[in-house]
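Just below is one structure, and these are the notes that go with it.
The values are calculated or read from the model by the stated rules, or taken from the named source; none is laboratory data. On a predicted model such as this, the values are computed, not experimentally measured, just so you know. We place every Cβ from the backbone using ideal geometry, glycine too, and count neighbours over all the protein chains shown.
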Amino acid sequence: MDSFDQKIIAALRRNARQSVSAIAEQVSLSRPAVSERIKRMEEQGDILGYRVLTSTHVDPSGPLKAHFEIKNGGFKCRPLVQFLLQYPEVKYCHGISGAVDLLVYLEFSSMQRLHDILEEVDQELPSGVKVVTHVVMQEWQ
């Protein structure tokens with residue numbers, strides 16, 4: 001993928017419904033060249049599809065993602081899991097082996113929302129429970 005392909009993808013991320021002519025103007029290529037590149041990137045799997053977002057609060061590149069590692073030091077996990085699953089941002093809670101008791105996966109719309117969730121969760125946790133947050137910076141599939 002060269003710099004023109006990256007510019008085309010950036011333009012599509014900003015507005016996937018814009019015309020090929022508009023993209024061509026933005027990236028300084030001809031309309032046929034942009035059409036060819038888009039088709040090639042779709043065929044190669046560089047562009048996997050297009051989607052509709054229904055909220056202006058959601059980043060067009062997708063939801064932000066994070067994992068909470070929760071060490072509860074012998075406290076029962078079930079009440080904590082039930083509390084966490086009340087948040088629509090919490091997609092799953094896994095009880096795991098090792099030093100960490102729970103691994104919680106979240107998808108959220110903004111860093112402020114993550115901060116708000118952490119603040120609320122912190123108020124509900126018994127003393128001694130430790131939460132480590134890992135924000136997903138890159139994802140490979």
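Brief remarks follow.
- Count of residues meeting criterion [in contact with a Gly (Cβ under 9 Å, 6 or more places away or on another chain) and either β-branched (V, I, T) or within 22 Å of Q112 (Cα to Cα) (or both)] in segment 65-91: 1
- Filter pass, E107 being closer than 30 Å to A16 by Cβ and either outside the structural domain of L12 (by TED's automatic domain parsing) or at pLDDT 90 or above (or both): yes
- Selected residue [without any contact (Cβ under 8 Å) to a residue 12 or more places away in the chain and aliphatic (A, V, I, L, M)] from L85, L125, L80, L102: L85
- P63 modelled with pLDDT under 90, surrounded by 11 or more Cβ atoms within 10 Å (Cβ to Cβ) and farther than 29 Å from A10 by Cβ: no
- Residue within segment 76-94 that is over 28 Å from R13 (Cα atoms), touching a Leu at 6+ places or on another chain (Cβ under 9 Å), of a type in the set (D, E) and at pLDDT 90 or above present: no
- Looking across segment 101-141, the residues that are in a loop (DSSP other than H, G, I, E, B) and closer than 17 Å to E89 by Cα come down to S109, S110, V136.
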